[in-house]
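This report refers to the structure that appears directly beneath it.
The values are calculated or read from the model by the stated rules, or taken from the named source; none is laboratory data. Since the model is a prediction, treat every value here as computed from it, not as a measurement. Cβ: placed from backbone, ideal geometry, glycine included. Neighbour counts: every protein chain shown.
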Amino acid sequence: MSDGINHSALKLLIEAGAVKTITAFADADQWTLKIGFGESEKIVLAKNSGKARIWRKLDTLAKYLSGLGIILFKINMQDYDPSLKTLTRPDSAATLKQAHKAHKKQQQMTTEPIVQHAAEPSDELSPDKIKVSWEERRARILQQEDPRVK
């Protein structure tokens, strides 16, 4: 977009004192920002898309400008209409249910083999085997520490 300016360039213009006007323009329920400097007026562009940067709330736009050291700007509310919703999001409840279902399925696939193995009778963990295993291990450790111990 040739009539736009990115954040870095805007910051440089502000630091140089070249900015003459800053105007927030309403478009339904969102806001864009137009910067006037020299004989030009340019719209502030989004970082990655190259399209006009959009703020959902005027308050957020004001915080952005405040972070740049701007304390005064104009507001053009000619096209402001909060009843027109420009951004619609999918139902988050349905999305969360789908994610929960997928997580539960993954969890079942992971834990079922473990539960089945634990339910199978096994003498690997019988108290007698554990005691014998420990005694053998203790004897090896003592043998390593003092070769005279048998």
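Pairs only if they're at least six apart or on different chains, beta carbon under 7 angstrom, first in region 2-24 and free of Cβ contacts under 8 Å to residues at least 12 places away in the same chain and assigned by TED's automatic domain parsing to the domain that holds Ala62, second among the hydrophobic types (A, V, I, L, M, F, W, C) and surrounded by 15 or more Cβ atoms within 10 Å (Cβ to Cβ); list them, first residue then second.
That search, which allows pairs on different chains as well, returns nothing.
Please work out which residue is modelled with the highest pLDDT, limiting yourself to region 1-39 and to residues that are in contact with a Leu (Cβ under 7 Å, 6 or more places away or on another chain), within 13 Å of Arg53 (Cα to Cα) and surrounded by fewer than 16 Cβ atoms within 10 Å (Cβ to Cβ).
Looking at the filtered set, the residue picked out is Asn6.
Cβ-Cβ below 6 Å, separation at least six or inter-chain, first residue in region 105-124 and assigned to a helix (DSSP H, G or I), second at pLDDT 70 or above: which pairs?
none
Could you look through region 40-52, keep only residues that are assigned to a loop (DSSP other than H, G, I, E, B) and free of Cβ contacts under 8 Å to residues at least 40 places away in the same chain, and pick out the one that is surrounded by the most Cβ atoms within 10 Å (Cβ to Cβ)?
Taking region 40-52 first, the residues assigned to a loop (DSSP other than H, G, I, E, B) are 46-51.
In the following step, the residues that additionally are free of Cβ contacts under 8 Å to residues at least 40 places away in the same chain were identified as 46, 48-49.
Values: Ala46: 14, Asn48: 6, Ser49: 9.
Of everything passing the filter in region 40-52, Ala46 is surrounded by the most Cβ atoms within 10 Å (Cβ to Cβ).
Collect the residues in region 1-38 that are more than 28 Å from Leu84 (Cα to Cα) and aromatic (Phe, Trp, Tyr), keeping them in residue-number order.
Of everything in region 1-38, just one residue is more than 28 Å from Leu84 (Cα to Cα) and aromatic (Phe, Trp, Tyr), namely Phe37.
Restricting to region 57-112, name every residue that is among the β-branched types (Val, Ile, Thr), modelled with pLDDT under 85 and closer than 27 Å to Ala26 by Cβ. If you could, list the steps in order and put the result at the bottom.
Narrowing region 57-112 to residues among the β-branched types (Val, Ile, Thr): 60, 70-71, 75, 86, 88, 95, 110-111.
If we keep only those that are modelled with pLDDT under 85 too, we end up with 86, 88, 95, 110-111.
Matches in region 57-112: Thr86, Thr88.
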